[in-house]
Every structure is written in C-alpha cells, then in structure tokens.
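Before any comments, here is the structure.
The values are calculated or read from the model by the stated rules, or taken from the named source; none is laboratory data. From a predicted model like this one, the values you see are computed outputs, not experimental measurements. Cβ atoms come from the backbone with ideal geometry, glycine included; neighbour counts cover every protein chain shown. For the accessible areas, the whole protein counts, side chains as well, though only heavy atoms, and no ligand, DNA or RNA atoms are used. Shrake-Rupley method; radii C 1.70, N 1.55, O 1.52, S 1.80 Å.
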Amino acid sequence: GEHVHRLHADPAAYIKALEDPARDAYQKPHEVIEALALKPGEIIADIGSGSGYFTLRMARHVGEHGHVYGVDVSDDMIRHLNERVRDAGLRNVSTILARPDDPLLPQPVDRFVIVDVWHHVDDQPKYLAVMKKHLKPGGQVVMIDFHKRDLPVGPPVAMKISREDLIAQMTAHGFTLAREHTFLPYQYFLVFEPR
C-alpha cells in the first residue's frame, strides 16, 4: 500500500504497481464495470486515470460514439496512457494533462469516475464546483476509494477519507448519494448525483 505512494517518484515502478495483476483480486475491475452499467454513447471522465486501468476498460463499453477522457496531472502517466491507447487502436479515448484543481474537460460528461484519487486532490471544493458545472443533466459522480482503516492495500490511514466524511462532503456541496455498491473488500463504491 504505502510503497505505491512512495513510487510516485519512479513512474515506471508506479505504473507497474497500478497494473499489477494482484490489484484485480480486490479492485474487481470486471464487477466494477458491470456495476457502472455504462451505456453506448456515454461521455466519461476518468479522473486520475493513471496508467489507464479503468480508462481502457470503460472505452470498450461506451462504444465508438461514446468517449472516455483519461485525466491526470502527471505527464509520465499521460504519455504512458497515450501509448496504450495508440497500441490498442482506440479512437474513443482522449488524454488530458490537467491542472490539480481543474480537469480541463473540453465538453460536459455523463459521469466522473474517481478511483483511489480523491485524497490526492488538494482543493476539493473547487474541484466539486468544476465537476458540477461539467456534468450533463442526469449525470453522476462515481467515487471509489479505500475505507479509512488499516488495510493490506492503499495509502496510509492518515491519508484516507472515510465513507461518512465523503458522503457529508458531497452532501454539503449539493450532491446526493444515489446508490452504493458493497462488493469491494477494501473500498467503498458510491454513486452521487447533483441535487
């Protein structure tokens, strides 16, 4: 867990950690994608897309008329994702080298998907305001992150945001918890909609 956070300084090692097949065991990417029930034509923003773990999977589900924006603040990650997108021949993925407080999206999206990233965002109120502005009517913000307790994976406990605190924060910023999935062993999986 903590070693991944130390690896930010070493992009190659960090990418390897993100793409480690052992991650699939707890991250359950197939089940997460199923639970999202993505529809063809959807526009998705994968915030903190990293190596593209979810970006590429979501791209296959939104189809040729849909689009996934892989948004990250690391140029190493964006370069890596650009290579993966090119090698996979995907035409419905764009990468965005974003600002820490603004995803710099070129158009409104149906969903923001934010996996294990929210604790890295310093100006969360500003980010929430930007997301609200960029959500299409009926849009959603999907938050998946580690429970705030000692776990064999994820960041140190002090860095984590508890499920309750996140729900309180989202509620205070005009979102409502629309649904929750509980099949992930170490993470909460919350779906918010603007009130």
Next on the checklist: Can you list residue pairs whose Cβ atoms sit under 8 Å apart, with the first residue in the range 175-195 being free of Cβ contacts under 8 Å to residues at least 40 places away in the same chain and over 13 Å from Arg111 (Cβ atoms) and the second being assigned to a strand (DSSP E or B) and of a type in the set (S, T, N, Q)? Count only pairs 6 or more apart in sequence or on different chains.
Outcome noted: Arg195/Thr176
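How do the strands (runs of 3 or more DSSP E) wholly within the range 43-147 filter down when requiring 1 or more residues that are more than 26 Å from Tyr188 (Cα to Cα) and in contact (Cβ under 8 Å) with a residue 12 or more places away in the chain: which remain? If you could, list the steps in order and put the result at the bottom.
Details: elements: 43-47, 67-72, 93-97, 109-115, 135-146.
Answer list for the range 43-147: 93-97.
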Checklist entry - For the range 18-71, what are the residues that are within 13 Å of Arg84 (Cβ to Cβ) and among the acidic types (Asp, Glu)? => result Glu19, Asp46
Checklist entry - Do you know which residues across the range 67-107 are open to solvent by 40 Å² or more (accessible area, probe 1.4 Å), of a type in the set (A, V, I, L, M) and touching a strand residue (DSSP E or B) at 6+ places or on another chain (Cβ under 8 Å)? => result Val73, Leu97, Leu104
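Does Asn92 fit the bill of being over 21 Å from Gly139 (Cα atoms), of a type outside the set (A, V, I, L, M) and modelled with pLDDT of 95 or more?
No.
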Item to check | Checking Asp150 against (1) open to solvent by less than 30 Å² (accessible area, probe 1.4 Å); (2) of a type in the set (Asp, Glu); (3) part of a loop (DSSP other than H, G, I, E, B), the condition it does not meet | outcome: (1)
Checklist entry - Of the conditions (1) closer than 15 Å to Tyr26 by Cβ; (2) of a type in the set (A, V, I, L, M, F, W, C); (3) out of contact with any Gly (no Cβ under 9 Å at 6 or more places or on another chain), Leu166 fails just one. Which one is it? => result (1)
Checklist entry - Limited to the range 24-42, what total is found for residues that are in a helix (DSSP H, G or I), exposed (fewer than 15 other Cβ atoms within 10 Å of the Cβ) and at pLDDT 95 or above? => result 2
Checklist outcome for this item: In the range 47-66, residues that are open to solvent by 20 Å² or more (accessible area, probe 1.4 Å) and out of contact with any Asp or Glu (no Cβ under 7 Å at 6 or more places or on another chain) total 6
Next on the checklist: I'd like to know if the range 164-177 contains one or more residues that are part of a helix (DSSP H, G or I), of a type in the set (Gly, Ala, Ser) and modelled with pLDDT under 95.
Outcome noted: no
